[in-house]
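Remarks on the structure that follows.
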Amino acid sequence: MTDSRQNRQGDVTRLRLLKTAERLFATEGLDAVSLRAVNAAAGLGPSSVHYHFGTKEDLVAAVLLDMGTSVRDQISANVDALAADKEPPTVEALVRAVTAPYKTLLLRHRTRGMRWIRIVTQISQPQMSRPGHPALEATEMHLRDHLLDQVRRTFPATDPERLETRWAVALMGFLQALSRADDWSGSSKPLAPERLADFYEDQVVFLVGGVRQLLG
């Protein structure tokens, strides 16, 4: 077997494991899914995840990066644009800079995007989002601090500790609502794109008002 063929097969296996883990993490929860369960669901040997990824934390980080790199990069570009403006960002500009990439993800990759958001809401829970969490460090790449700089520009009089905590609470509420968007469809089918866009807009309006109340 040639090296190129081995590499192609390795890439196929890696993607199979990623998609399987993504589905299981989203539907059953991160804590409930073992590496053995991922291997079994993918129809692969018991050491497959370890061989291709390493630890469970490494697998979680890989799953987040697989769909989340574009979200992270879009948010980063939006925050850079806010930082380049001499005027502090408005609350709505701040909120849309962070939230618009999630809408883009869902409209482009409906099923996998929703799975990814559900995983993010799990890993962003207070008990899991401690500094140094490998999956968060791998996906954020210092974006969080850069974003908080812009939040402080918008709310310069707000106590920094209070600001950081309440901003995180507000964003967590948005992500949790977005992760449950399909529960509002009234059927077993996901929301149609136009209804999903409307749902997103409603959540943005709610978030803008909440941020003003919490941090203003």
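Bear in mind these aren't lab numbers, they're just calculated from the coordinates by the rules spelled out. Note that the structure is a prediction, hence the values are computed from the model and not measured. Note that each Cβ is placed from the backbone with ideal geometry, even for glycine, and that neighbours are counted across all protein chains shown.
Relative to the present Cα-Cα distance, how much length would full extension add between D73 and A41 at 0.36 nm per residue of separation?
On the way: separation 32, 0.36 × 32 = 11.52 nm, distance 3.11 nm.
Here the answer is 8.4 nm.
Note on A81 and R144: the extension gain reaches 21.2 nm, defined as 0.36 nm multiplied by sequence separation minus the Cα-Cα distance. Computed from the Cβ-Cβ distance with R0 of 30 Å, the FRET efficiency linking R16 to K189 stands at 0.65.
Averaged over residues, the count of other Cβ atoms within 10 Å places the peptides 109-122, 23-36 in the sequence 109-122, 23-36, highest first.
So what's the back-of-envelope 222 nm ellipticity for the chain, counting only DSSP H runs of four-plus at -39500 (n - 2.57) apiece and dividing by all residues, rounded to 500? Write out the running numbers ahead of the final one.
Working: 10 runs with 161 residues, N = 216.
Result for the chain: -24500 deg cm²/dmol, rounded to the nearest 500.
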